[in-house]
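Bear in mind that the values in this text are calculations on the coordinates, not laboratory data. This structure is a prediction, so every number in the text was calculated from the model and none was measured. Methodologically, a virtual Cβ is constructed for each residue, glycine included, from the backbone with ideal geometry; neighbour enumeration extends over all protein chains shown.
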Amino acid sequence: GIYEPTADHLTLIGDETSVMGRLLDDLQLLSNAEAGALRLHRERLEPRELLESAETTFRAQAGEAGVTLVVDAEEGLPVVDVDPIRIGEVVANLVSNALRHTPSRGTITIAAVREGDDVAFSVTDTGEGIPADELAHVFVRFARSAESRGSGLGLAIAKSLVQAHGGTISAESEPGNGTSIRFTLPGTR
């Protein structure tokens with residue numbers, strides 16, 4: 001009885017391997033960010049571009065889930081000096097989380113407003129919300145709700161990447177009324 005792996009088994013092993021690979025990449029990214037060793041390739045960007053790029057990425061997935069994506073960028077926002085790939089990852093992570101927790105016919109709003117010299121970005125959903133006791137820990141690595149399928153690193157990474165850009169990140173949520181995660185980035189004059 002020689003063990004013959006089936007295609008299904010191989011797919012499963014492949015999936016697990018890529019999950020582990022992503023986990024290791026994520027941990028590497030986190031430790032570099034925390035050590036201040038993350039190299040940022042900064043470009044000057046209009047905040048609206050970041051929002052629209054996330055909207056384009058998730059449009060099909062949101063459509064299939066019956067969720068409406070709204071982009072809401074204030075007029076005349078300051079340009080931000082960011083690594084578009086890294087900040088793109090932050091926004092994508094927040095939208096992806098919001099999609100997982102927003103029921104059909106819900107709405108996710110990706111917004112940017114001016115806040116003094118800074119730009120405040122937010123991803124707000126109409127999902128089930130986060131209980132207060134969990135909300136306090138959402139940015140801590142490996143913190144995740146019992147039903148979460150993620151690694152529990154996404155928001156810890158988002159926080160590290162935002163901080164590496166000189167910004168701050170925070171979460172507000174009301175169980176039953178959705179969640180809003182907002183982060184600020186310094187505007188350039």
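Select one label from (i) 10.6; (ii) 11.8; (iii) 13.3: the one whose number is mean projected area of the Cα convex hull in nm² as derived from the coordinates shown. Checked against the structure: label (iii).
Taking chymotrypsin sites (Phe, Trp or Tyr not before Pro) as exposed when DSSP calls them loop (any state but H, G, I, E, B) and at most 12 other Cβ atoms lie within 10 Å, what is the longest stretch of the chain free of them, the sites themselves excluded? Maximal segment without exposed cleavage sites: 4-141. Here region 31-117 is assigned +1 on the Cβ of each Lys and Arg and -1 on the Cβ of each Asp and Glu. Its dipole about the Cα centre then comes out at about 340 debye.
What is the sum of charges around T179, taking Lys and Arg as +1, Asp and Glu as -1, for the other residues whose C-beta is under 9 Å from the C-beta of T179? That works out to -4.
Rounded to the nearest whole Hz, the Karplus-based 3J(HN,Hα) values (6.51 cos²θ - 1.76 cosθ + 1.60, θ = phi - 60°) of region 93-105 follow the sequence 4, 5, 5, 4, 4, 4, 4, 5, 10, 10, x, 3, 6, with x at glycine and proline. Comparing mean-square fluctuations of T57, T179, T124 from a GNM of the chain with C-alpha springs under 10 Å, the top value falls on T57.
Taking GluC sites (Glu not before Pro) in DSSP loop states with no more than 10 other Cβ atoms inside 10 Å as exposed sites, the chain has its longest site-free stretch at 1-74. Could I have the simple spin-label model distance between Q61 and E74, label points 7 Å from Cα toward Cβ, reported in nm to one decimal? Between Q61 and E74, the simple spin-label model gives 2.8 nm.
Of the trypsin sites (Lys or Arg not before Pro) found in region 94-133, those in coil by DSSP whose Cβ has at most 12 other Cβ atoms within 10 Å are R105.
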